[in-house]
1. Tell me the Kirkwood hydrodynamic radius of region 26-183 in angstroms, computed as one over the mean inverse distance between distinct C-alpha pairs.
2. With the calculation restricted to Cα positions, what are the radius of gyration and Dmax of region 14-107 in angstrom?
3. Among the lysines, select those whose C-alpha is under 29 Å from the C-alpha of residue 66, and discard any that sit fewer than 8 residues away in the same chain.
4. Grab the DSSP H runs of the chain that are 4 residues or longer, score each as -39,500 (n - 2.57), total them, divide by all residues and round the 222 nm result to the nearest 500 deg cm²/dmol.
5. Positive end of the dipole of the chain, charges at C-beta (+1 Lys, Arg; -1 Asp, Glu), about the Cα centre: which of 157, 121, 86 has its Cα farthest in that direction?
6. Scan region 31-136 for chymotrypsin sites (Phe, Trp or Tyr not before Pro) in coil per DSSP, keeping those whose Cβ has at most 16 other Cβ atoms within 10 Å, and list them by number.
7. When 83, 12 are ordered from fewest to most other Cβ atoms inside 10 Å of their Cβ, what list results?
8. Residue 18 versus residue 38, label points 7 Å from Cα toward the beta carbon: distance in nm?
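Coordinate-derived values only; no laboratory data. Since the structure is predicted, the reported quantities are computational estimates derived from the model, not experimental observations. Note: ideal-geometry Cβ built from the backbone for every residue, glycine included; neighbour counts use all protein chains shown.
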Amino acid sequence: MPEPAMVRTAHRFAERMATRRSVRDFSADPVPEAVIEAAVRAAASAPSGANLQPWRFVTIRDPERKRRLRLAAEAEEREFYQRRASGEWLDALAPLGTDWRKPFLETAPVVIVVFEVHQGPSTPKPYYVKESVGIAIGLLIATLHQAGLATLTHTPSPMRFLNEVCQRPPEERACVVMPVGYPAPGARVPRLTRKPLDEVMVRR
């Protein structure tokens, strides 16, 4: 690719990704299954330690399973906000307006739960699991945004309840819950600013 085309392509992608925001108010309108499949395929193309690809993407559309997920997540989140979180942490969260209530886990038409795959009876010992899965999640978010869908990276803690909800074996450990869909009409997001390039990029 000629250099001017390379620069244009990179700038277009960067500008498009700069418009991404985490959304907590979703429309219940269905999203195309083919888009979800393409996003997972893109995520699964990520580099991984020894190419062991230590990830599993569980996509949930069933309303009853989403309800079970919400109830279990809210139980953990209630404990976090009322007992586990420090005052400093709660102060940092305050501008975002979040609390233990997570209705988006039911409202969003699709919820993707990303699991790390660790060593088990039928799985080899993986390497650099968190780094590998983290890259895959980044590709998943980028693909969904490029397709015009909104996402949220939700991380209830602890997450072991997700093995039961998603019917996954113990060697798989959930690391993020991602509702996916269209923003609800009138959805609001925080007015965020990003650090300037010269603050995050160091040239040597």
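1. 16.3 Å
2. 17.0, 43
3. Once the sequence-local lysines are set aside, what remains near residue 66 is 102, 130.
4. Taken over the chain, the calculation gives -12000 deg cm²/dmol.
5. 86
6. 100, 128
7. 83, 12
8. Each label point lies 7 Å from its Cα, and together they span 2.5 nm.
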